[in-house]
Amino acid sequence: MASKEQMDALFEEARRAASFAYAPYSKFRVGAALLGADGAVYSGCNVENRSFGLTICAERNAVLQGVAKGCRSFSALAISTPDSKDPVGPCGACRQVLSEFMEADAAVCFGGAGPRVDISLGDLMPYDSLHDLSSRLR
């Protein structure tokens with residue numbers, strides 16, 4: 001699991017990534033930063049489209065950046081939503097994609113202009129079949 005210092009640095013990178021968001025419709029910028037198993041940091045921002053279903057979330061953008069560079073495993077994620085005072089966690093689609101490339105004990109933090117939440121991916125997505133659902137079967 002990532003240290004507090006690593007998570008703080010990752011969160012700052014996510015905040016920086018949010019500044020590049022393309023969000024002309026919602027005005028809701030999101031930045032994400034992933035710590036790869038290779039030690040590199042991969043960041044992404046949300047990129048909106050008039051057809052909201054085609055919008056790319058910051059978290060998936062960061063995953064795709066890492067995968068495009070050959071990274072297939074990530075150990076920590078930070079998400080910054082500077083246009084919200086409250087923390088906003090990843091959407092369901094992003095949680096599913098993240099669970100493909102992160103272990104259940106991977107550190108996740110997310111925050112807006114106010115407090116930050118620090119949690120594990122397994123707590124965000126319990127009973128995920130790739131991680132612990134099979135161990136709960138009787």
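Summary table below
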read-out	value
Relative contact order (%) - the chain, alpha-carbon pairs under 8 angstrom, separation at least six	21 percent
Student exercise, the chain dipole from Lys, Arg, Asp, Glu Cβ charges, in Debye to nearest 20	400 debye
Choice from 82, 90, 24 showing the highest fluctuation, given a GNM over the chain with Cα pairs closer than 10 Å	24
Alpha-carbon radius of gyration plus Dmax, which is the widest Cα pair, for the chain in Å	14.3, 49
Charge dipole (segment 1-70, unit charges on Cβ, about Cα centre) - positive-most of 45, 23, 33	23
Burial ordering of 91, 45, fewest other beta-carbon atoms within 10 Å first	91, 45
Most mobile of 23, 14, 33 in a GNM of the chain (Cα contacts under 10 Å)	23
Least to most buried among 13, 5 (fewest other Cβ within 10 Å first)	5, 13
Distance in nm between pseudo-label sites at residue 67 and residue 116 (7 Å out along the Cβ direction from Cα)	2.7 nm
Least to most buried among 51, 26, 43 (fewest other Cβ within 10 Å first)	51, 26, 43
Gained length - residue 105 relative to residue 86, 0.36 nm times residue gap less alpha-carbon distance	4.5 nm
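Every number in this text was worked out from the coordinates using simple rules, so none of it is lab data. Predicted model, so just to flag it, every value in this text is computed and none were measured. Please note: Cβ atoms are built from the backbone with ideal geometry, for glycine as well, and neighbour counts cover all protein chains shown.
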